[in-house]
Amino acid sequence: MRFIFKTSYEQDIRLAKHGGHVFWYAVLVLFLLAAPWLLPEYWLAQLTFVLIYGIVGLGLMLLAGYTGQFSIGHAAFLGVGAYAQGVLTNLGVPFPLAMACAALLAAVVGVVVGLPALRVKGIYLGIATLAFGFIVEEGFARWESVTGGNSGMSLRSPAIFDWRITSGEGFYFICLVTAVLSTLAILNLLRSSTGRAFVAIRDSEISAQSMGVNLARYKTLSFALSAALAGLGGALYAHKLQFISPDQFGILQSIDLLLLVVIGGLGSVHGAFLGAIFLIAMPQVISMVKDYLPDSIGQAPGLQAVVYGAVLIGFVLFEPLGLYGRWLKIRTWFQLFPFYRKGMFKRQKSFQKSDRLK
Amino acid sequence: MQFLQLVISGIAQGCIYGLIALGFVLIYKATETVSFAQGELMMLGAFCGLAAMSMLGFPFWLAVLSAIAAMAVFGVVLERLVIRPILGQPAFSIVMLTIGIGYVARGLVTMIPGIGTETHALEVPYRNVTWNLGSLVLSAEQMVVIAVTAVLCAALFAMFRYSKLGIAMQASSQNQLAAYYMGIPVKRLNGLVWGLAAAVAAVAGLLLAPITFVYANMGFIGLKAFPAAVVGGFGSLPGAIVGGLIIGIVESLSGFYLPEGFKDIAAYIVVLIMLMVRPNGLFGEKLRKKV
């Protein structure tokens, strides 16, 4: 039995709420540090992808899960980061500097998108970002002198002057450090007044505004931070694949990213990484199960789309809080045993909140 | 002359966008949810028509009618099974849900062995017929698209204006609670609206089929219908058609007069400009939120 008795605000905003947190996160960090020696090369590469998608997912989570602004063109920011990194590293810029530039450039693009987005909300915002995503993708394909057009662009391995990181383990540590730092940054942001303002905007723009939250400023900030994280992830993504082409940053990638945050659990930092694990693990699971299915199902080309769609429908219908919500429920069940009640996480059903009030 | 030719092909393409956008708007007006699966419904409609003709051996007209009827039933069932349980949740849940439906529909069609991965031509009686009008060449496929769209719009207008069902739909889209108090079964009506939207999508699919062939990914054209709906104002039925026509014409002209690459993104540039200048669209009502 654990009783948490808070006596000060410092205690309330502390990142590790109790000893259990400290212990388990320490175990996780130790595992991640030791992973290159514990896991075979293939799984380490998958883990690297999880970290990269986790970083991008964090960005979209901040925007969609915490500020309530949905972007259906987030792959564009990923692409901006990836191409910026590609161009800069091929020019010989040290990779940490290139990554910072990639993130910064993505953030600037994010502000540019965020500004018109201030005038529109809800589905209009979704369509504005969708349109923006298409335009950026076409831009990558047409700006051949810089991006190499549809034939794509190869990247050198990350390097600081003469010190070149070519091994998978070395790159894994770059991703790990970036992921840990951005997670801590997001956690820190969310417990500050800025983070509270984001959440207030998500829950009700009108009440946020009447509490003195500057909607325009915070929405733009959220767009910029989210795009910066996506750009950072994009930079790592480009290095990981060593080859980028415009079709990697199209609408399907954007939808995959949305899938990531929705299945991970909107409004939770854990959700970004759980969703990333889902997104990376799912094709593996499908290819493993494939062999046990009859050929007409197992070898059919559309299987992956069907499974993704079905899982998405299942989560929206039965577990709107995502994987993290499921974990919370299981944890609460054990913590409260035998007092768990069925309706504890039930969301209040709101009746048709109309946008069309006059 | 060339200009006119481009405008006509733009109008034909715009009619398709308009019809798909009509589906969005119908659903949006009735239930305030946005369906991302409209393009896939269109694809399913085209495949239904194809199956009715090639497998069941139906004559063309019967195949068209049965495909439309089948899609209408499918729309109603879809609403009942997956949309209704989550009504009242945040709008974005439904967007994700319909994206999921789209994925499943596309995947399932691709999985049909021997059919899903191929492109098919729908054998329409007016295939490859052209008329020459002066130096203008009019293809029957495009003219049929324009004519059917006009007839369908007139029919929809009459339905919303004069039939009991249409008036009930208007009432429920204006104020669901009040409509419910007046004895209108709002939930059943929502189901019928989904059926209607699916039927309109099926018509769009059947009209598009002779122009672009039938294949599993043809639903992606639905993504171009969003700009059409926004340009017209998301809540307006005539706006959807007008928006579709604008997008179609702009696309067709920019494909010819602007450098390569602009054709594909013309629709999105138009919608971004529209959102900046007039966020409510051409025919959208100006709305404010009251506390």
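The values are calculated or read from the model by the stated rules, or taken from the named source; none is laboratory data. These numbers come from a predicted model, not from an experiment. Because the Cβ atoms are built from the backbone with ideal geometry, glycine has one as well, and the counts that use them run over all protein chains shown.
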I'd like to check something: does the stretch A:134-144 contain any residue that is away from chain B (no Cβ under 14 Å) and without any contact (Cβ under 8 Å) to a residue 40 or more places away in the chain? no
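Given the structure, is A:Leu232 within 20 Å of the chain's Cα centre (by Cα), over 22 Å from A:Ile186 (Cβ atoms) and of a type in the set (A, V, I, L, M, F, W, C)?
Values: within 20 Å of the chain's Cα centre (by Cα): yes; over 22 Å from A:Ile186 (Cβ atoms): no; of a type in the set (A, V, I, L, M, F, W, C): yes.
In short, no.
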Matching residues in the stretch A:5-50 - criterion: being over 25 Å from the mean Cα position of the chain (by Cα) and within 16 Å of A:Ile277 (Cβ to Cβ): none
Hey, does the stretch A:297-311 have a residue that's facing chain B (nearest Cβ under 9 Å), surrounded by 13 or more Cβ atoms within 10 Å (Cβ to Cβ) and in contact (Cβ under 8 Å) with a residue 40 or more places away in the chain? yes
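Conditions (1) more than 14 Å from chain A (Cβ to nearest Cβ); (2) within 22 Å of B:Ala209 (Cβ to Cβ); (3) touching a residue at least 40 places away in the same chain (Cβ under 8 Å); (4) out of contact with any helix residue (DSSP H, G or I) (no Cβ under 9 Å at 6 or more places or on another chain), marked per residue:
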position	(1), (2), (3), (4)
B:Leu78	no, yes, yes, no
B:Leu97	no, no, no, no
B:Gly102	no, yes, yes, no
B:Leu108	no, yes, no, no
What is the residue count in the stretch B:213-237 for residues that are away from chain A (no Cβ under 14 Å) and either within 18 Å of A:Leu125 (Cα to Cα) or over 13 Å from the mean Cα position of the chain (by Cα) (or both)? 2
Every residue from the stretch B:149-171 that is buried (at least 16 other Cβ atoms within 10 Å of the Cβ) and without any contact (Cβ under 8 Å) to a residue 60 or more places away in the chain: B:Gly166, B:Ala168, B:Ala171
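Quick one: how many residues across the stretch A:134-179 are part of a strand (DSSP E or B) and among the polar types (S, T, N, Q)?
Quick first cut of the stretch A:134-179, residues part of a strand (DSSP E or B) only: A:153-154, A:159-160, A:163-164.
Cutting the leftovers down to among the polar types (S, T, N, Q) gives us A:154.
Here the count works out to 1.
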Only one residue in A:Leu97, A:Leu104, A:Leu88, A:Leu115 is modelled with pLDDT of 95 or more, over 30 Å from A:Met282 (Cα atoms) and surrounded by fewer than 24 Cβ atoms within 10 Å (Cβ to Cβ). Which one? A:Leu104
Failed item, numbered, when B:Ser66 is tested on (1) surrounded by fewer than 24 Cβ atoms within 10 Å (Cβ to Cβ); (2) closer than 20 Å to B:Glu141 by Cβ; (3) hydroxyl-bearing (Ser, Thr, Tyr): (2)
